[in-house]
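A.B. asks: Attaching a single structure in structure tokens format; questions to follow.
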Amino acid sequence: MKITELRARQIFDSRGVPTLEVRAALEDGSAGVGSAPSGASTGSHEAQELRDGGEAYGGKGVRRAVDGVNGPIRAALTGMDAADQCRVDERLNELDGTPDKSKLGGNALIATSWAVADAAAKGAGMPLYRWLGGAQARQLPCPMLNVINGGRHADNNLDVQEFMFVPSGADSFHDAMRMASECYHALGKLLREAGLSTAVGDEGGFAPNLARDEDALEWMVRAIEAAGWKPGEDVCLALDCAAAEWADGDAYRQPKSGARFRRGELIEYYDALSRRFPLASIEDPLGEEDFEGFREITDALGGDLMIVGDDLFTTNAERLFRGAALGAANAVLVKPNQIGTVSEALETVQLARRSGYAVAVSHRSGETLSTAIADLAVAVGAEYIKAGAPARGERLAKYNRLLEIEEELY
Ligand code: PGA
Ligand code: ZN
């Protein structure tokens, strides 16, 4: 399965910001595509995107990343075996040569890595989830649907970035999507009736202004009930605080409300929230360098709650290794573009398994129509997938792909 051609071009992501798409072709005529999503609340330890700077596109053009693929990356990968994803990804890292992938760009690397994986799957005549996961790839993840957006994902006054429905009582993926969709529409109706905005944020969730962040959870509980489901039984709630955005020296300050917390006060706040609401999971409750705080909150609340490290781990096996040794968090968010190649994302999943951590595969706030993460979630048997609200094409593309995979498998 020799790679005969690689071609990158600039496309736009869901925020209208340039990103790149790569097409890989093999000697047998099979071809695959990959593209790079992009975060807004990016962790400091993520692979760096290569952007052009200058005036065009406010400096966010990706001409240099495209040229890197069409130049040195194409030259190095042409003739390589697409079936050897590890070797291809190693070669990409060698070519880049920097620890944060800033020379060729994590965006160029992940789009290329996905394109090669997709082409190899096509060449083998297999769906991507089977190609990556083999015979064990049979488990559909439970979706976590971000239905109220705040933080950096919306221009409203909420500091918590994501408020999610988790239809954990569902017996199947399509039932989970039905429950979440019904609750999402019930939520929209309730907000509209209360005279609140139903305009949506970057991930398709509503972005109303509310007096307090807790009010979002209250509206969600009401919506679950209005849709005829039982909060905490059929549908639970989850938060992504993205609290790295709140870090202020060795304490925390929420930028919108101005509220200040010491680490211990923040943990008490989450404890109180989890007693009041049917919370199943909190992602990034503390800052991205606060391994000790993550250990503390996991000790205190991790028995009942999933404590997810996103900016803490940045899909980086070395950071996960450090966290697992401490008992910091009990789940890892897997965003392949945070680490830059498909094989490194798989390595992080493997370490998570060995460390007893749950796995949630995730999209980014700036997305493309790629459905590769849906296949990845099935390939690795991820317990969860985060792909935004059940609204907006780039979000539904992932959920619709999972519906298709479910039909193939069952
Ligand atoms: P991002 O947000 O894609 O803007 O980083 C998603 C998340 O924090 O989970
Ligand atoms: Zn996050």
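The values are calculated or read from the model by the stated rules, or taken from the named source; none is laboratory data. Since the model is a prediction, treat every value here as computed from it, not as a measurement. Cβ: placed from backbone, ideal geometry, glycine included. Neighbour counts: every protein chain shown.
A.B. asks: Quick check on the stretch 247-274: of everything there that is outside any helix (DSSP H, G or I) and within 23 Å of ARG322 (Cβ to Cβ), which residue is modelled with the lowest pLDDT? Spell out the reasoning first.
C.D. replies: If we filter the stretch 247-274 for residues that are outside any helix (DSSP H, G or I), which is where we start, we get 247-262.
Still in the list and also within 23 Å of ARG322 (Cβ to Cβ): 247, 249-252.
Values: ALA247: 94, GLY249: 90, ASP250: 87, ALA251: 94, TYR252: 97.
Across the stretch 247-274, the extreme among qualifying residues is ASP250.
A.B. asks: Take the stretch 347-368 and flag every residue that is polar (S, T, N, Q) and under 23 Å from GLY151 (Cβ atoms).
C.D. replies: SER362, SER365, THR368
A.B. asks: Need the failing condition index for GLU288 against (1) closer than 28 Å to ILE224 by Cα; (2) touching a His at 6+ places or on another chain (Cβ under 9 Å), just the number.
C.D. replies: (1)
A.B. asks: How about the stretch 28-46: which of its residues are of a type in the set (Gly, Ala, Ser), away from ligand 2 (no atom under 16 Å from the Cβ) and in contact (Cβ under 8 Å) with a residue 12 or more places away in the chain? So that I can check it myself, show each step before the final result.
C.D. replies: Step one: filter the stretch 28-46 for residues of a type in the set (Gly, Ala, Ser), giving 29-32, 34-36, 38-41, 43-44.
Imposing the further condition that a residue be away from ligand 2 (no atom under 16 Å from the Cβ) reduces the set to 29-32, 34-36.
Across the stretch 28-46, the qualifying residues are SER30, ALA31, GLY32, GLY34, SER35, ALA36.
A.B. asks: Does LEU50 fit the bill of being more than 16 Å from ligand 2 (Cβ to nearest atom), touching a residue at least 60 places away in the same chain (Cβ under 8 Å) and surrounded by 19 or more Cβ atoms within 10 Å (Cβ to Cβ)?
C.D. replies: no
A.B. asks: Could you give every pair whose Cβ atoms fall below 7 Å, whose first residue belongs to the stretch 56-81 and is not assigned by TED's automatic domain parsing to the domain that holds ALA25, and whose second residue is at pLDDT 95 or above, counting only separations of at least 6 or pairs across chains?
C.D. replies: Matching pairs, first to second residue: none at all.
A.B. asks: If you don't mind, there's one more thing I want to ask. Which of the numbered conditions does VAL361 fail, given that it passes all the others? Conditions: (1) closer than 28 Å to ALA389 by Cα; (2) free of Cβ contacts under 8 Å to residues at least 24 places away in the same chain.
C.D. replies: Of everything listed in (1) closer than 28 Å to ALA389 by Cα; (2) free of Cβ contacts under 8 Å to residues at least 24 places away in the same chain, VAL361 misses just condition (2).
A.B. asks: Within the stretch 374-397, is even one residue within 25 Å of LEU237 (Cα to Cα), free of Cβ contacts under 8 Å to residues at least 60 places away in the same chain, within 16 Å of ligand 2 (Cβ to nearest atom) and buried (at least 24 other Cβ atoms within 10 Å of the Cβ)?
C.D. replies: no
A.B. asks: On the given criteria, is TYR252 away from ligand 1 (no atom under 16 Å from the Cβ), more than 22 Å from the chain's Cα centre (by Cα) and surrounded by 21 or more Cβ atoms within 10 Å (Cβ to Cβ)?
C.D. replies: Yes; evaluated as a whole, the condition is true for this residue.
A.B. asks: In the stretch 164-175, is there at least one residue being within 26 Å of GLU233 (Cβ to Cβ) and charged (D, E, K, R)?
C.D. replies: So the first thing to find is which residues in the stretch 164-175 are within 26 Å of GLU233 (Cβ to Cβ), and the list is 164-175.
Filter again for charged (D, E, K, R), leaving 171, 175.
Yes; the residues of the stretch 164-175 include at least one that is within 26 Å of GLU233 (Cβ to Cβ) and charged (D, E, K, R).
A.B. asks: Do you know which of the residues in the stretch 352-373 that are within 16 Å of ligand 2 (Cβ to nearest atom) and in a loop (DSSP other than H, G, I, E, B) is farthest from GLY340 (Cα to Cα)?
C.D. replies: Within the stretch 352-373, the match that is farthest from GLY340 (Cα to Cα) is TYR357.
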